[in-house]
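Engineer: Just dropping this structure here.
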2 protein chains.
Amino acid sequence: MSTPPGSITPPGSITSVPAAVESALRTFFDSRRPITDAVGGTFGDAAGALEAFVLRGGKRVRPTFAWTGWLGAGGDAAGSDADAVLRVCSALELVQACALVHDDIIDSSATRRGFPTLHVEFAHRHRVGGWSGDADEFGESIAILLGDLALAWADDLVRESGIDAVAQTRIGPVWSAMRTEVLGGQYLDVHTEVTADESVAAALRINRYKTAAYTIERPLHLGAALAGADDALIAAYREFGTDIGIAFQLQDDLLGVFGDPEVTGKPSGDDLREGKRTVLFAEALLRADASDPGTADFLRRGIGADLTDDQVQRMRQVIVDLGAVEAVQARIDDLTATGLRALDGSSATDEAKAELRAMAVALGRRSA
Amino acid sequence: MSTPPGSITPPGSITSVPAAVESALRTFFDSRRPITDAVGGTFGDAAGALEAFVLRGGKRVRPTFAWTGWLGAGGDAAGSDADAVLRVCSALELVQACALVHDDIIDSSATRRGFPTLHVEFAHRHRVGGWSGDADEFGESIAILLGDLALAWADDLVRESGIDAVAQTRIGPVWSAMRTEVLGGQYLDVHTEVTADESVAAALRINRYKTAAYTIERPLHLGAALAGADDALIAAYREFGTDIGIAFQLQDDLLGVFGDPEVTGKPSGDDLREGKRTVLFAEALLRADASDPGTADFLRRGIGADLTDDQVQRMRQVIVDLGAVEAVQARIDDLTATGLRALDGSSATDEAKAELRAMAVALGRRSA
């Protein structure tokens, strides 16, 4: 039942990981067609919409970390298990598809990577078809089910990857922890937003589990487990992954408030309108409470409100003036330094260290 | 990483399967606590709400079929692998939890098994807490994430069940097909409802995948695969499961229109108000179109509308008068007969045949 070997080509270098992952994903989606066809009706079209969503883009950050973690722990890109390992790495994109599709419902986001989100796309199909009932509810219902399908298929891809039973046993706890952690992080994100928990600690907890563990720490851990790495390397990877992952999310928080919509594909100031309780916002509030109650009040009234572009601009200026951006940037720099130190002291191959260092720096400096 | 052996007791007879399943599920939920605690915040409370939902009830139909299928294919309830097999069977309840929690959002159902549905429960917590934002959106967001958690945990329970690698390989394709089929069935259900597909064929397709495959055919197939059954027994189980499963859903369709709310725990005539395109309704329309256009028009205007109890009562009477109930009952009887014939001709143990026959008859005759 494993996917036929030889149908994909493992990446020869880090820059070719995304293309190899997309090829593995395409092969996997092809392998699902007999069952979606058997179910029949328009189910195949719906699965096709999920496939288009998954193949449409993203930087394949998680599979790239997992693959590099595997190489750095002694994996051989030319070895006989490389195809199978690549499939496990690619499965991370299906977990991510579930997370994004369901998050877009939760956040009522209209666009993703410059395209309509899945729930918006299906609401649109409902309207164009002149179908009965509520178009938005229909769109959300289909997107809930397609997110579930992505999550179930992620497990299928791991199970059918072709890695041996010993490797399956090694990665089991990592795979399990990763999915529970990201769901926990998403849960805390939603819960913290409505309960208006203003602490930096709550915001950091969400960062840790919604992003850091899920984006870098666990993918690297997965790669290490695939390679059968020792405990010391796993610990070093995890420290690197946690620090760099939190730094990555802090950078994302800055983009959520200051990012260019043309580049990010999300509306300007989205996090402020959404009421996201980020570390950036918590830092701003902490400072305003200490120095200027009027400004703190202004921020509390603004967060999560239906803001005009002018109001967004004023909130941005206040956040900068309070020194919150500088503080977050300093955190990013500190975390990047400690993360890189853990990596440097590890037994990872020199090549992997160089790649991971470059990825960490790129994440910390990205503009989109 | 497998759950410690000896912590659960395999059922000594079919009637004790539900209690054994609940014990296995309780042990599994306990095993998740370290990771939900590590994530922290109120995530443990949310996971507790999922646990309460899963343990609250249900007849454990799917695990009972899987367990009986395993016994019937030579499984030994006193054998060394019985604990591990029971865990795999129990994982079906976690897939079911995801299906129910997400279905309740999709159907906007307020109650389930006499309790508030998860999205309603969390909306209630939001209101009681006086939190910010929309209580209903919050409830749905949390329920989306908890449904995802149930689906991820279902896979964890299978992976950590303790069955050997060969058995894992045997059940992989069954486990995979089952989840894709139920999601396909749910998708078709939603899609057929809004596109108002009136054909008996469309309604039967939904029955087949949303219910028959998922409730009986695949659980039996899973049990057979766990036991390493031969192809002939698997084919017989699948034929039995498909026929009895469709009969079960047809019975459920009757209850959705004629069931007693006190017994079913759902509002009277719920399927008519929800606009469910059941075989029952398709049969009624087919007959009305052939004999009485005015009645057909009455049914089309009523289905999915905000009906009063009186209107529900009038629609019920029309459906009975058209002979649709009798036709559906005849289908149930036919399917039960062919399903039982397939079972009788199989190599399943006599004990299992007797149990499966009794379960089939009970499903076809149940009043709730």
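Engineer: State the Cα centre-to-centre distance between the stretch B:86-133 and the stretch B:213-251 in whole Å.
Structural biologist: 28
Engineer: Starting with the fewest neighbours, write out A:E283, A:E351 ranked by other beta-carbon atoms found within 10 Å of each beta-carbon.
Structural biologist: A:E351, A:E283
Engineer: How big is the Rg/Rh ratio for chain B, C-alpha atoms only, Rh by Kirkwood, two decimals?
Structural biologist: Value, to two decimals: 0.99.
Engineer: Now a separate question. What residues have an amide H closer than 5 Å to that of A:G75, excluding those fewer than 5 places away on the same chain, when H is modeled at 1.01 Å from N in the peptide plane?
Structural biologist: For A:G75, no residues qualify.
Engineer: Which peptide among A:89-96, A:189-196 comes first, and what is the full order, when sorted by highest mean count of other Cβ atoms within 10 Å?
Structural biologist: With the highest mean Cβ count within 10 Å placed first, the list reads A:89-96, A:189-196.
Engineer: For B:V54, what charge total do you get from the other residues with a beta carbon under 12 Å from its beta carbon, if Lys and Arg give +1 and Asp and Glu give -1?
Structural biologist: Spelling it out: positives minus negatives among the neighbours equals +3.
Engineer: Roughly how crowded by other chains is peptide B:163-176, in terms of the mean Cβ count from those chains within 10 Å of each of its Cβ atoms?
Structural biologist: 3
Engineer: If the label for B:S347 sits 7 angstrom from Cα along the Cα-to-Cβ line, what are its distances to the same label in every other copy, in nm to one decimal, shortest first?
Structural biologist: Sorted ascending, the copy-to-copy spacings read 5.0 nm.
Engineer: Something else about it: Kyte-Doolittle cut-off 1.0, length cut-off 24 Å along the helix's own axis using Cα: show which whole DSSP H helices in chain B pass.
Structural biologist: In chain B, the long hydrophobic H runs are B:82-106.
Engineer: Still on this structure, please answer the following. Given that compact globular proteins tend to follow 2.2 N^0.38 Å, what is the ratio of the alpha-carbon Rg of the protein assembly as shown to that value?
Structural biologist: 0.98
Engineer: Label-to-label distances across copies for B:A78, with labels 7 Å out along Cα→Cβ, in nm, shortest first?
Structural biologist: Result for B:A78, in nm, nearest copy first: 5.9.
Engineer: Please compute the alpha carbon radius of gyration of the stretch B:1-162, then divide it by the globular-protein estimate 2.2 N^0.38 Å. Two decimals is fine.
Structural biologist: 1.11
Engineer: With a 10 Å Cβ neighbour count serving as the proxy for reagent exposure, in which order, fewest first, do B:E326, A:E355, B:E51 appear?
Structural biologist: The order, fewest Cβ neighbours first, is B:E326, B:E51, A:E355.
Engineer: Shifting gears a bit: Can you work out ³J(HN,Hα) from phi for every residue in the stretch A:206-211, in order, using Karplus 6.51 cos²θ - 1.76 cosθ + 1.60 and θ = phi - 60°, giving whole Hz and x for Gly and Pro?
Structural biologist: 5, 3, 4, 9, 6, 10
Engineer: Sorted from fewest to most neighbouring beta carbons within 10 Å, what does the list A:K210, B:K276 look like?
Structural biologist: B:K276, A:K210
Engineer: Grab the DSSP H runs of the protein assembly as shown that are 4 residues or longer, score each as -39,500 (n - 2.57), total them, divide by all residues and round the 222 nm result to the nearest 500 deg cm²/dmol.
Structural biologist: Rounded to the nearest 500, the figure is -24000 deg cm²/dmol.
Engineer: Within the protein assembly as shown, how many Lys pairs that are eight or more residues apart, or on different chains, come under 17 Å at the alpha-carbon?
Structural biologist: Close lysine pairs found across the protein assembly as shown: 6.
No lab work stands behind these numbers, since they all come straight from the coordinates. These numbers come from a predicted model, not from an experiment. In this analysis, Cβ positions are derived from the backbone assuming ideal geometry, glycine residues included, and neighbour counts consider all displayed protein chains.
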